[in-house]
Amino acid sequence: MRRRKHQVTSGDDLFVGIDLHKHRWHVTIRTFDVEVFSASIPGTWESLHRVLARYPGHSLQAVYEAGYFGFRLHDRSVDHGIPCIVTPPSLVPQEYGNRVKTDRRDSSKLAHLLAKGLLKRVWVPSEEELYHRQVIRRRRQLIRDRVRTQSRIKAELRFYGVHLEEPRGGWTKIYCETLRSIKFGNRWMQESFSRLLELYEFLSAQIDKQTQLLRELSETPMYRERVEILQSIPGIGMISAMELLLELQDVSRFRRAEQLAAYVGLTPSQYSSAEKVRMGRITGIGKNTLRSLLVEASWTLIRKDHTMREKYDRIKIHSGGKRAIVAIARTLLLRMRRMLLDKQAYALQLAA
């Protein structure tokens, strides 16, 4: 469906809202006051560009929601001189009580909010940064696949009444050899179970290869110095340092420390009513993997750093251990930012 509502006049700024789907995109173009175009088009840059080319001499701005389609549309738009923002869906303002959702309405809302300046934008990494980030994310995916395979193996053993004491932590070579020695007395079951063990071994080998690839990346000039700085923190190794760097990249893009804490999701939620202000749990919005990494590193840190231990104990008395360790994780994140900006190693505070 295509609708033309008004003619644009020379010099009008135009705002383009794009609702993306696999095969079709819905595009809405508007001025500050009225919609001038609304239509469903084939889901390609060429189709979109033909629509936008109908408005020569106008200042165009575009927006679409972050997600499945990545940043290719953003890059093509910017390359053609059209500023584009990628907005996080969770931060798009919602209309209370409006439960009608269509592609046309979604694109219209994006164009309207863009015109009003009410949309947040996600940071768009460079192509090189995207490729580098995929190294750590692929490793994470492989680990999740291996965990699922381990769960299937354990479930199968329980189902057939095979009881084995599982080692703490990762599966050892001895435990894997024990799994291979299990005999079911039936060819069909034995070979089917072997496929599961082979899949586990294959994934373990792939994780090792991806870890080596990550190590090679950490030794390149782009990351070497920053990895060494982060590794000076107790509880942070090469993998953790690269996880932080690849997900955050240049921390100087966060002009204030609080912006970084909010990006990772380590900012306390706040409830205000009249004169009462109550601080709640952390927002949880942001990077789950980084929060988990920082909390895990914080447990090591409070055993090594006397000042951090004192802070943990002080907060724990009033707010409990969980909130205390999250507070340490937030402090650690902000220290990391300062260390990277100043290019200084961690200053460990030992007990007197």
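Below are the figures for this structure:
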read-out: DSSP loop GluC sites (Glu not before Pro) with at most 13 other Cβ within 10 Å: longest gap in the chain; value: 1-94
read-out: Two-site label geometry, Gln141 and Ser59: point separation in nm, points 7 Å out along Cα→Cβ; value: 4.1
read-out: Trypsin sites (Lys or Arg not before Pro) within segment 27-107, DSSP loop, no more than 14 other Cβ atoms inside 10 Å; value: Arg54, Arg99, Lys101
read-out: Paramagnetic reach from Asp250 in segment 218-235 [backbone N under 13 Å; point 7 Å along Cα→Cβ]; value: none
read-out: Amide hydrogen neighbours beyond the local backbone of Glu65, cut-off 5 Å, H modeled; value: Leu20, Thr87
read-out: Mean accessible surface per residue for segment 40-197, computed with a 1.4 Å probe while every protein chain stays in place, in Å²; value: 64
read-out: Separation in nanometres of the label points that stand 7 Å from Cα toward Cβ, at Ala262 and Ala347; value: 2.9
read-out: Efficiency of FRET from Cβ geometry, Ser151 and Lys22, R₀ 22 Å, rounded to 0.05; value: 0.10
read-out: For segment 293-307, Karplus couplings with θ = phi - 60° (6.51, -1.76, 1.60), whole Hz, Gly/Pro x; value: 4, 5, 5, 4, 5, 5, 5, 5, 4, 6, 7, 9, 9, 5, 5
read-out: Ellipticity estimate at 222 nm from DSSP helix runs (n ≥ 4, -39,500 (n - 2.57)) divided over the chain, nearest 500; value: -17000 deg cm²/dmol
read-out: Along the chain, longest interval not containing exposed chymotrypsin sites (Phe, Trp or Tyr not before Pro), exposed being DSSP loop plus at most 15 other Cβ atoms within 10 Å; value: 185-352
read-out: Per residue Cα convex hull volume in Å³ - calculated over the chain; value: 240
read-out: Filtered trypsin sites (Lys or Arg not before Pro), segment 134-176: DSSP coil and at most 14 other beta carbons within 10 Å; value: Arg168
read-out: Semi-axes of the equivalent ellipsoid for segment 308-352, Cα gyration tensor, largest first, Å; value: 23, 14, 5
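The values are calculated or read from the model by the stated rules, or taken from the named source; none is laboratory data. Please read all numbers here as calculations on a predicted model, not as lab measurements. Please note: Cβ atoms are built from the backbone with ideal geometry, for glycine as well, and neighbour counts cover all protein chains shown. Heavy atoms of the whole protein, side chains included, go into the accessibility calculation; ligands, DNA and RNA do not. Shrake-Rupley method; radii C 1.70, N 1.55, O 1.52, S 1.80 Å.
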